[in-house]
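To start, the structure itself, in structure tokens.
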Amino acid sequence: MKQVLLYMFFAIAVFSCSNDPGTGEPFDPDPPSGTDDDPVVVEPIPDVELMDLIQEKTFKYFWDFANTNSGAARERYHPDNPSLNENVVTTGGSGFGLMAILVGIERGYVSRAEGVARLSQILEFFENADRFHGAWPHWIDGNTGSVLPFSEQDNGGDILETAFFVQGLICVKEYFKNGTEEEMVLANKADVLWKGVEWNWYTQGQNALYWHWSPNHGFAINLELKGYNETLIAFILGAASPDYPIPAEAYHEGWAANGNIVSSDMPYGIPLYVEHAGGSNYGGPLFWAHYSYLGLDPRNLSDQYANYWNVNVNHSQVNYEYCVNNPQNYADYGPDCWGLTASYTRNDDGSRGYSAHKPGNDPGVISPTAAVSSIPYTPEESLAAMHFFHSKGETLMGPAGFYDAFSPEYDYWVAEAYLAIDQGPQIIMIENYRTGLFWDLFMQNEDVRNGLDILGFSY
């Protein structure tokens with residue numbers, strides 16, 4: 001999914017100032033203490049103020065910089081080229097956006113009425129957008145609602161992107177279900193939309209779940225959701241579906257590989273508990289600890305294979321320890337500069353690309369969303385990183401929160417750009433850390449609880 005995102009390139013503007021004495025100011029024998037050449041000093045702020053700042057700035061991605069026609073989340077936003085892909089709406093990122101708007105209401109960034117109006121706009125768009133056996137595509141044209149092919153054969157339903165969107169729909173339903181008449185209409189629409197997803201279609205009649213289906217190519221991509229990565233939420237929602245459920249065996253035999261998902265790997269003496277997909281015995285990119293758990297509460301979540309709070313805490317700790325140990329001796333890696341996950345990256349020639357960073361695939365690029373979004377699991381380590389990122393001022397903080405990625409190793413090369421799927425987890429997981437808002441909303445849903453029961457979870 002993230003690993004195959006298209007990438008764009010741009011040049012970072014370089015500013016200079018003249019010290020030519022013939023064009024400068026008159027000589028001052030008692031100059032002020034600061035000069036234009038001095039580095040900008042960003043004063044530290046308390047933890048609460050820092051979390052407030054990050055949430056409010058990141059909220060702008062989903063409010064100020066959303067697709068104009070649909071109100072939904074754009075795939076990407078580049079401040080230096082704001083019209084780039086302005087009509088490419090992301091389904092999964094829009095699910096994150098639904099939850100971000102609820103934060104905006106809770107924190108007073110927008111009024112409740114404004115939030116309801118925007119959410120209604122988004123849900124109306126998705127109600128009329130292309131669907132494929134109930135699933136939405138990865139990308140949608142924000143003007144027309146038509147599918148935008150993600151790849152040649154990926155021009156139909158994407159069950160995982162749909163699961164991320166549904167996670168947001170369920171939170172919207174629970175948040176507004178006892179509200180005003182207008183709010184209850186919104187809650188009902190969210191409920192109807194998610195219950196229209198034909199999860200069982202994406203099993204191909206097997207004890208498995210498959211990522212894509214195309215009206216032209218069928219299941220030609222044939223990519224099974226299997227092993228520990230970001231896909232757990234799709235199985236839980238599939239089991240929770242009242243009308244189109246998947247069998248429990250799809251989870252146990254497919255995702256969990258009949259128990260072979262259990263791992264004995266212990267990097268840095270920290271047990272991973274589960275086999276991370278792709279064979280990484282130091283854990284995969286950190287978004288695996290975020291996407292499925294934006295609504296799904298891992299604090300007391302366990303089944304016969306693992307305790308998922310321990311899985312996520314240890315995954316985050318291993319990622320942190322790798323950066324602290326810094327086996328490649330990259331500049332500034334350490335206790336307050338850490339976090340490897342999928343994001344924009346720096347290519348060898350200095351251009352911008354995309355990569356799923358993790359131990360074993362580490363080109364010296366830090367992605368702020370990794371540490372920020374892990375704050376429920378590693379609060380002290382995450383806050384230390386957040387303070388470090390904040391100390392860099394406008395180098396790392398832009399109009400919609402922290403920029404997507406940077407490299408201290410290469411003189412603070414920065415990807416001055418944003419992706420919905422990287423901004424969303426930051427505002428959401430900070431809120432879960434502070435109030436548990438989305439964990440409470442999602443877990444109180446009766447269908448979700450039924451799905452967890454069917455799969456044998458304790459929660």
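Numbers at a glance
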item	result
Residues with amide H under 5 Å from that of Arg352, placed H, sequence gap 5 or more	Phe10, Asn347
Amide H within-cut-off set for Gly179, under 5 Å, with H built and near neighbours excluded	Met184
Among Ala371, Ala385, Leu237 the positive-end extreme of the charge dipole of the chain (Cβ point charges)	Leu237
Which label in (1) -0.25, -1.00; (2) -0.30, -1.03; (3) -0.46, -1.02 gives the computed log10 I(q)/I(0) by the Debye sum over Cα atoms at q = 0.06, 0.12 Å⁻¹	(1)
Cα lying deepest toward the dipole's positive end in segment 169-216, options Thr180, Gln206, Leu193, charges on Cβ	Gln206
Radius 11 Å from Cβ of Ser214, net charge of other residues (Lys, Arg +1; Asp, Glu -1)	-3
Globularity index of segment 280-368, i.e. its alpha-carbon radius of gyration over 2.2 N^0.38 Å	1.17
Whole-Hz ³J(HN,Hα) from phi, Karplus 6.51 cos²θ - 1.76 cosθ + 1.60, for segment 173-188, glycine and proline x	4, 5, 5, 10, 5, 10, x, 5, 4, 4, 5, 5, 4, 4, 4, 5
Most to least packed among 92-104, 174-186 [average Cβ atoms within 10 Å]	92-104, 174-186
Degrees, to the nearest 10: 420-434 long Cα axis against longest axis of the chain	90
Protection proxy ranking of 229-240, 213-224 - average other beta-carbon atoms within 10 Å, highest first	229-240, 213-224
Neighbourhood charge, 15 Å Cβ-Cβ cut-off, centred on Gly350 and excluding it, Lys, Arg +1 and Asp, Glu -1	-3
Under-5 Å amide H pairs with Trp413, H placed in peptide plane, nonlocal only	Ser407
Estimated [θ] at 222 nm from DSSP helical runs (n ≥ 4, -39500 (n - 2.57)) normalised by residues in the chain, nearest 500	-11500 deg cm²/dmol
Dipole in debye (nearest 20) - the chain, about Cα centre, beta carbon charges: Lys, Arg +1; Asp, Glu -1	1280
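FYI, it's all coordinate maths here, none of it is from the lab. Note that the structure is a prediction, hence the values are computed from the model and not measured. Because the Cβ atoms are built from the backbone with ideal geometry, glycine has one as well, and the counts that use them run over all protein chains shown.
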